[in-house]
Amino acid sequence: MLPATKPQFSRSSNLLGAFVTAVHDQMLERIESELGLGSQAAAALVVIGFNHGRSVDFLSGALQLSHSGCVRVVDKLEQAGLVQRREGKDRRVVALHLSAAGQRRMQVVLRARSKYLDGLLQSLDTRQQQQFTALIETLLYDITTCSEHAEAMCRYCDEAACPQKQCPITLKVVK
């Protein structure tokens, strides 16, 4: 019988999994504490803020929530005065927009996310940050499967920090 061999990348894969989990959990913890709302509400503010006038169906895909779950998130944000439902181009579809208060809260989300992630990257020197960016761009490009998946991956992204023409996720979907 042959001895069992370990996959070549098992340790790297394990470390990547732990890193992704820790970053995700800590980022959401900071966003939620700054915003005072749950992570789905925070993501909804960002998605609506960068996609004015899109429908609940679009938001549902980006948040990876059922339609009814997404409607509950929008209801909560509307009751808080952060989101407005308006008549869409097609009268059967409601268009979502942020109120002025919603815009301000979206900026809170983006600042909290940026502050945490920028602080995390400070442990790398400039060369390491450039290498890390190149590696992350490659991995993000490779894992992007479709436009709905792209919206879901970017649900907390600051589109001003990563212009669409440079975004590896957008570049894969547009291709």
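Here, each number is a calculation from the coordinates, and none is a lab measurement. The model shown is predicted, which means the values in this text are computed figures rather than measured ones. Neighbour counts are summed over all protein chains in view; Cβ atoms, including those assigned to glycine, are modelled from backbone coordinates with ideal geometry.
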Please check which bits of the range 58-86 a label hung off Val108 would reach, taking the label as a point 7 Å along Cα-to-C-beta and the cut-off as backbone N under 19 Å. 73-84
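If the viscosity is 0.890 mPa s and the temperature 25 °C, what Stokes-Einstein diffusion coefficient in µm²/s follows for the chain when Rh is the Kirkwood radius over Cα pairs? Walk me through the intermediate numbers first.
On the way: Rh = 17.8 Å.
The Stokes-Einstein estimate is 138 µm²/s.
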Quick numbers on the range 39-143, Rg and Dmax over C-alpha atoms in Å, give 16.9, 53
For the chain, with a Gaussian network of springs between Cα atoms less than 10 Å apart, report the residue from Ser123, Ser39, Ser99 with the top mean-square fluctuation. Ser123
Hey, how many Å between the Cα centroid of the range 132-149 and the Cα centroid of the range 76-94? 31
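Let me spell out the model: positive unit charges on the Cβ of Lys and Arg, negative unit charges on the Cβ of Asp and Glu, origin at the Cα centre of the chain. What dipole size does that give, in debye rounded to 20? Could the numbers behind the result be given before it?
Numbers: 21 positive and 17 negative charges, 48 e Å.
Its charge dipole is roughly 240 debye.
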Take the chain, connect every pair of alpha-carbon atoms lying under 10 Å apart with a spring to form a Gaussian network, then pick out the residue of Leu124, Leu59, Leu110 with the largest mean-square fluctuation. Leu124
The Kirkwood hydrodynamic radius of the range 91-175, taken as the inverse of the mean 1/r over all distinct Cα pairs, in Å, comes to 14.9
In a Gaussian network model of the chain with springs linking alpha carbons closer than 10 Å, the residue among Gly38, Gly102, Gly119 that fluctuates most is Gly119
From DSSP H assignment alone, runs of 4+ in the chain each adding -39500 (n - 2.57), the sum over residues rounded to the nearest 500 puts [θ] at 222 nm at -21000 deg cm²/dmol
